[in-house]
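The values are calculated or read from the model by the stated rules, or taken from the named source; none is laboratory data. Nothing here was measured: the structure is a model prediction, and the numbers come from that model. Using ideal geometry, Cβ is built from the backbone for each residue, glycine included, and neighbour counts are taken over all protein chains shown.
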Amino acid sequence: MDLTAGAPVRYHSASGRWVLLATVLGSSLAFIDSTVVNIALPEIGRDLGSDAAGLQWTVNGYALSLASLILLGGSLGDRYGRKRVFLLGVTWFALASLLCGLAQNVEMLIAARVLQGIGGALLTPGALAILEASFAAEDRSRAIGAWSGLGGIGGALGPFLGGWLVEVGDWRYIFLINVPLAAIVLWVGAKHLPESRNPEAARTFDVTGVLTGAAGLAGLTYGFTAWPANGPGDPVVLISLAIGLGSMIAFVLAEQRSPHPMLPMRVFRNKAFSGANLVTFLVYAANGGVFFLFVVNLQVVSGFTPLASGIALLPTTALMLVLSARAGALSQRTGPRILMTVGPLICAVALVLMSRIGSDATYWADVLPAVLVFGLGLSTLVAPLTATALGALEDAYAGIASGVNNAVARAAGLLAVAVLPLAAGLGSGNLTDAAQLAPVYRNTMMICAGLMVAGAVLAFLLVPKRLPAKAPARSFCDPCAPPVQPRETASSAP
């Protein structure tokens, strides 16, 4: 590597390209596996003789452990080294994927999927934290934009790869292919990723914070996941949500009193950080509704084939690939407020257009224009939003900033899938009935457009024109080396 201790990585350097490659491939493992398994569920059910509940837990077990522990993953990276925890997560994920591929019954598969989620919780916040801590300040927004665009390609190709593997081979291949991909990430990461951590972080576990935080996220995740199938009045849903809410309140109280908290509550005093995460919640709630119902509407109401519906959003991915890094670079020059305000408004226009896609829709006249506008809006928004959520805090808190932002985005998506169809008037209706789905889809798109507008308003009010300059980084390349700067005082903390 061409890095010395504490030296920043430049975007156009060879080291910058290697760092980007390792983080994109690593985070894509967890992102793709959260969606590609859905394609193989019918084959898994036939092969393992599983009922619907077992198949549901094959999906939910992964989401539950990932969402429950993602804050812990970010905190561990800040304490023990982001590269170290990231590579541990990739290794864990690969071994769990191998267990998934070798599963002999659905119980073993569910257990392996839970283990996969733990690996995902270790590697997911680490990828963005490494970008934030490694790149030079003037290149971070561009690097995060490139990460967003390249990650979008992985998300788009994942379902096609999964479908092909299931069709030509066996459902087990969708898990086993993770092993050689993880090996590539480990080779590149071990050789080219710089190490960084927070030298001020305590080396002891915040046990109360870990337990209450995990219980809170697990309870909310399980409650929202069970809501659509069981209904809001189901005792399991109510108890899960009550445990989740109570545990999150206990988590906040515990972190305020802990001398070494997993999530220092003082980070939320930072207006830009809190504002970026509020915008994240609204925007990703809207995105959750779009990605949940858009493809279903194309098939059920508009009569598109599954393949045509699956590739309908590819122009959005292509635009993000081309424009995200440029939007990040523009945000670096103009400040994040403008793009974070304009981006959601463009998305809102796209969602109004999407709401008009009905039974007589054609791809070229109705779907493509809406998808292109949506891609333009997301390309304008995502990189500045992510860069602001990470860049608002000092580099020492990069891991926990990434963990918080990931947890907020995932919670918003879960809430959207559970609540939006109900809010749009579905009630006890059927999403596979065109007559019932059409008005629900139309209302949901309009609600999501409103969420995007609300996100734009919050961005304008809460996100500064420019992020304040940071003090020189206190994280460093060698985790065994001394800090490059004296210990911060309480007044210098975020």
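Selection over segment 163-209 of residues that are at pLDDT below 70 and buried (at least 20 other Cβ atoms within 10 Å of the Cβ) gives a count of 1.
Restricting attention to segment 187-205, the residues that are touching a residue at least 60 places away in the same chain (Cβ under 8 Å) and in a loop (DSSP other than H, G, I, E, B) total 11.
For segment 36-74, residues that are touching a Leu at 6+ places or on another chain (Cβ under 7 Å) and within 17 Å of A396 (Cβ to Cβ) total 2. Scanning segment 58-71 for residues that are hydrophobic (A, V, I, L, M, F, W, C) and either surrounded by fewer than 24 Cβ atoms within 10 Å (Cβ to Cβ) or outside the structural domain of L48 (by TED's automatic domain parsing) (or both) gives V59, A63, L64.
Taken over segment 256-298, the criterion of being under 30 Å from Q436 (Cα atoms) and of a type in the set (S, T, Y) is satisfied by Y284 alone. If you check A182 against the conditions, is it within 29 Å of F86 (Cβ to Cβ) and part of a helix (DSSP H, G or I)? For A182, the condition - within 29 Å of F86 (Cβ to Cβ) and part of a helix (DSSP H, G or I) - is met. Residues in segment 129-142 that are aliphatic (A, V, I, L, M), at pLDDT below 85 and either surrounded by 24 or more Cβ atoms within 10 Å (Cβ to Cβ) or not assigned by TED's automatic domain parsing to the domain that holds G74 (or both): A133 only.
Within the set of pairs 6+ apart or on separate chains, which have a first residue in segment 252-273 that is without any contact (Cβ under 8 Å) to a residue 12 or more places away in the chain and exposed (fewer than 14 other Cβ atoms within 10 Å of the Cβ), a second that is in a helix (DSSP H, G or I) and not β-branched (V, I, T), and C-beta atoms under 8 Å apart? Filtered contacts from segment 252-273: Q256/M265. Checking each residue in segment 46-57 for being touching a helix residue (DSSP H, G or I) at 6+ places or on another chain (Cβ under 9 Å) and at pLDDT below 85 picks out S50, D51, A52, G54, L55, Q56, W57.
Would you mind stating whether L115 is over 19 Å from E43 (Cα atoms) and modelled with pLDDT of 80 or more?
On the way: over 19 Å from E43 (Cα atoms): yes; modelled with pLDDT of 80 or more: yes.
Taking the combined requirement at face value, the residue satisfies it.
Of all residues in segment 1-40, those being hydrophobic (A, V, I, L, M, F, W, C), assigned to a helix (DSSP H, G or I), surrounded by fewer than 17 Cβ atoms within 10 Å (Cβ to Cβ) and modelled with pLDDT under 75 number 0.
The residues on offer are G219, G244, and the sole one that is in contact with a Phe, Trp or Tyr (Cβ under 8 Å, 6 or more places away or on another chain), in a helix (DSSP H, G or I) and either modelled with pLDDT of 85 or more or assigned by TED's automatic domain parsing to the domain that holds F86 (or both) is G244.
For every residue, the table says whether it meets (1) in contact (Cβ under 8 Å) with a residue 40 or more places away in the chain; (2) of a type in the set (D, E); (3) within 24 Å of A438 (Cα to Cα).
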residue: V300; (1), (2), (3): yes, no, yes
residue: G303; (1), (2), (3): yes, no, yes
residue: L323; (1), (2), (3): yes, no, no
residue: A329; (1), (2), (3): yes, no, no
residue: I346; (1), (2), (3): no, no, yes
residue: S355; (1), (2), (3): yes, no, yes
residue: T386; (1), (2), (3): yes, no, no
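Restricted to segment 296-317, and to residues there that are in contact with a Gly (Cβ under 7 Å, 6 or more places away or on another chain) and part of a helix (DSSP H, G or I), the residue that is farthest from P384 (Cα to Cα) is P315.
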